[in-house]
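The values are calculated or read from the model by the stated rules, or taken from the named source; none is laboratory data. This structure is a prediction, so every number in the text was calculated from the model and none was measured. Glycine also receives a Cβ, built like all others from the backbone with ideal geometry; neighbour counts cover every protein chain displayed. With ligands, DNA and RNA removed, areas are computed over all heavy atoms of the protein, side chains included. Shrake-Rupley method; radii C 1.70, N 1.55, O 1.52, S 1.80 Å.
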Amino acid sequence: MLEHLYIKNVALIDEITIEFHRGLNILTGETGSGKSILIDSINFALGERVSKDFIRSGEESSVAEILYKVENKDILQALEHIGIDIEEDQYLLISRGVHHGGKTICRINGRTVTLGMLKQISDLLIDIHGQHEHQSLLNSSKHIELLDQFCGESLQQKKEKLHPLYVSYKQIKEDIQNLCGNEREREHRMDLLKFQLQEISHANLTPTEEENLAAQRKILSHCEKLMHNTKEAFSLLYDNSAYSLSAADAIAKSLLLLQDLTSIDEQLQKTAEVLESVSVQLEDVIVDIRNYREQLDHDPQVLYEIEIRLDLIYNLKRKYGNTIKEILQYYEKIQVELDILENSQQRLQILLDRKEEIISSIQLLCKEITDIRTSQADFISQKIENAL
């Protein structure tokens with residue numbers, strides 16, 4: 001239901017807002033008072049073309065907006081199909097503007113849409129009945145929709161059952177066509193899938209392998225630096241030289257000196273305890289550094305093998321996915337496709353049988369729908385004749 005019309009800078013009208021109410025609304029006035037401008041503005045908002053005189057003289061652009069209360073399921077489905085969100089109150093705000101250059105901007109509930117999307121919706125909203133205007137009553141493609149509105153809930157339920165059957169029928173037809181395609185192309189596809197499966201399978205990939213190899217390569221590539229720096233650190237902490245004590249010995253000597261003083265001044269007891277804790281932790285650090293150095297293995301052959309393995313992984317990623325996880329997912333996908341192709345005859349027969357079942361169900365539902373429509377059509381025809 002149309003509830004609100006707002007127009008600005010249209011022909012003779014500067015700016016106006018009109019509210020409509022449920023039932024019959026009548027606009028009257030003398031010739032030239034602007035009645036046709038209101039109809040033209042509604043047509044413009046719904047996607048119709050307008051002349052250059054549509055924009056008010058001296059202005060750069062015109063705007064027309066309509067607020068519509070949606071009370072039809074078909075309109076809600078059409079809005080959902082093109083991705084337009086509608087609030088719980090089910091109001092639809094359509095806004096369209098035009099500039100002097102002829103450029104128009106269409107919006108539905110604040111979202112910019114194409115003119116084609118706007119007309120797809122507007123065709124369901126309003127009929128303009130006039131001497132030279134489109135009338136849905138004369139559009140034969142609309143007749144079945146008008147008839148169905150008189151057929152009640154029983155017809156709607158059967159149509160809801162028919163829709164998923166029809167979708168399944170189309171999908172099965174597509175699957176059958178794919179299976180019955182060119183034999184040479186199918187054989188070529190099977191050979192390609194077998195090659196890809198073999199290439200991925202022989203690689204024996206694991207999900208975290210690339211990260212682990214990259215970490216190993218980083219360590220092996222900097223092995224000399226790791227060995228040199230850990231050796232220096234170990235020497236500073238533990239090895240004595242001719243000129244100085246190691247850090248461990250210096251701390252141990254300092255600890256003995258403090259412990260000797262605690263009997264004189266108890267305030268040094270806490271400091272001695274902290275230094276003793278440092279000494280114990282330092283011993284752990286020295287052991288860790290020594291163990292780390294001992295397990296370092298600067299083997300160029302290991303580094304070479306890691307590089308070869310990473311090159312293999314990068315090559316597979318370039319072909320089959322951005323990550324090892326995606327490669328393995330692709331492997332599973334083409335395995336299923338290959339199984340289908342290798343068992344195409346058996347699957348084809350299953351699809352053909354299923355197709356016949358669906359056709360039978362569709363034909364039965366269509367006959368029931370036709371019967372309902374036929375019975376109601378006679379009733380509607382008689383009512384129309386009586387009214388005329």
> Taking region 72-85 on its own, how many of its residues are open to solvent by less than 70 Å² (accessible area, probe 1.4 Å) and within 21 Å of R22 (Cα to Cα)?
Replying inline: 3
>> Could you check region 37-71 and list, in sequence order, the residues that are open to solvent by 60 Å² or more (accessible area, probe 1.4 Å) and under 33 Å from the mean Cα position of the chain (by Cα)?
In response: E48, E71
> Only one of (1) surrounded by fewer than 11 Cβ atoms within 10 Å (Cβ to Cβ); (2) under 30 Å from E294 (Cβ atoms) fails for N204. Which number is that?
Replying inline: (2)
>> I'd like the full set of residues that are more than 26 Å from A214 (Cα to Cα) and surrounded by 14 or more Cβ atoms within 10 Å (Cβ to Cβ), limited to region 323-336.
In response: I334, Q335
>> Residue under question is E80, and the condition is that it be outside any helix (DSSP H, G or I), under 30 Å from the mean Cα position of the chain (by Cα) and farther than 15 Å from T104 by Cα; does it hold?
In response: no
> Somewhere in region 99-112, is a residue over 24 Å from I16 (Cβ atoms) and open to solvent by less than 20 Å² (accessible area, probe 1.4 Å)?
Replying inline: no
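I'd like to know if region 182-191 contains one or more residues that are surrounded by 12 or more Cβ atoms within 10 Å (Cβ to Cβ), within 25 Å of Y304 (Cβ to Cβ) and modelled with pLDDT of 80 or more.
At the first step, the residues of region 182-191 found to be surrounded by 12 or more Cβ atoms within 10 Å (Cβ to Cβ) are 186, 189-190.
Okay, now just the ones that are also within 25 Å of Y304 (Cβ to Cβ), so none.
No, because not a single residue in region 182-191 is surrounded by 12 or more Cβ atoms within 10 Å (Cβ to Cβ), within 25 Å of Y304 (Cβ to Cβ) and modelled with pLDDT of 80 or more.
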> Do the conditions hold for I350, that is, is it under 35 Å from the mean Cα position of the chain (by Cα) and open to solvent by 60 Å² or more (accessible area, probe 1.4 Å)?
Replying inline: yes
> Name the pairs whose Cβ atoms lie under 8 Å apart, with the first residue in region 330-344 and under 19 Å from E185 (Cβ atoms), the second at pLDDT 90 or above, and 6 or more positions between them or separate chains?
Replying inline: I334/L193; I334/Q196; I334/L197; E337/L193; L338/L193; L338/K194; L338/L197; L341/L193
> If you go through region 331-388, how many residues are among the polar types (S, T, N, Q) and within 30 Å of A203 (Cα to Cα)?
Replying inline: 3
> Looking at Y304, Y292, which is the one that is open to solvent by less than 100 Å² (accessible area, probe 1.4 Å) and either over 30 Å from E332 (Cβ atoms) or not charged (D, E, K, R) (or both)?
Replying inline: Y292
>> Considering only residues that are surrounded by 11 or more Cβ atoms within 10 Å (Cβ to Cβ) and assigned to a loop (DSSP other than H, G, I, E, B), which ones fall in region 13-36?
In response: F20, L27, S33, G34
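Which residues, counting only those in region 37-62, are of a type in the set (V, I, T) and assigned to a strand (DSSP E or B)? Before you say what the answer is, go through the steps one by one.
The first filter runs over region 37-62 and keeps only residues of a type in the set (V, I, T), leaving 37, 39, 42, 50, 55.
The answer is I55, and nothing else.
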> Any idea which of (1) among the polar types (S, T, N, Q); (2) more than 23 Å from P300 (Cα to Cα); (3) open to solvent by 80 Å² or more (accessible area, probe 1.4 Å) is the one N212 doesn't satisfy?
Replying inline: (2)
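Considering region 175-186 alone, what residues qualify as being touching a residue at least 12 places away in the same chain (Cβ under 8 Å) and not in a loop (DSSP other than H, G, I, E, B)? Steps first, please.
Taking region 175-186 as the starting set, the residues that turn out to be touching a residue at least 12 places away in the same chain (Cβ under 8 Å) are 175-176, 179-180, 186.
D175, I176, L179, R186 - these are the residues of region 175-186 that are touching a residue at least 12 places away in the same chain (Cβ under 8 Å) and not in a loop (DSSP other than H, G, I, E, B).
Among the helices (runs of 4 or more DSSP H) contained in region 203-289, which hold 2 or more residues that are closer than 30 Å to Y331 by Cβ and without any contact (Cβ under 8 Å) to a residue 40 or more places away in the chain?
Values: elements: 209-221, 223-238, 247-261.
Hits in region 203-289: 209-221.
Scan region 84-101 residue by residue and report those that are outside any loop (DSSP other than H, G, I, E, B), under 30 Å from the mean Cα position of the chain (by Cα) and of a type in the set (V, I, T).
Our first condition is that a residue be outside any loop (DSSP other than H, G, I, E, B); within region 84-101, this holds for 91-99.
The next check asks that each one be under 30 Å from the mean Cα position of the chain (by Cα); those that pass are 91-96.
Hit for region 84-101 is I94, nothing else.
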> Pairs under 8 Å by beta carbon, first residue more than 21 Å from R217 (Cα to Cα) and open to solvent by less than 60 Å² (accessible area, probe 1.4 Å) in region 310-322, partner among the β-branched types (V, I, T) and in a helix (DSSP H, G or I), six or more apart or different chains?
Replying inline: Y320/I200; Y320/I327; G321/I327
>> For region 141-174, which positions are open to solvent by 100 Å² or more (accessible area, probe 1.4 Å), part of a helix (DSSP H, G or I) and without any contact (Cβ under 8 Å) to a residue 60 or more places away in the chain?
In response: E153, E160, H163, K170
> What are the pairs, 6+ residues apart or on separate chains, where a residue within region 59-72 that is within 13 Å of R96 (Cβ to Cβ) has its Cβ under 7 Å from a residue that is among the small types (G, A, S) and crowded, with 21+ Cβ neighbours inside 10 Å?
Replying inline: A64/S41; A64/A45; E65/A45; I66/A45
>> Given the condition among the acidic types (D, E), more than 31 Å from the chain's Cα centre (by Cα) and over 30 Å from F379 (Cα atoms), answer yes or no: does some residue in region 145-167 qualify?
In response: no
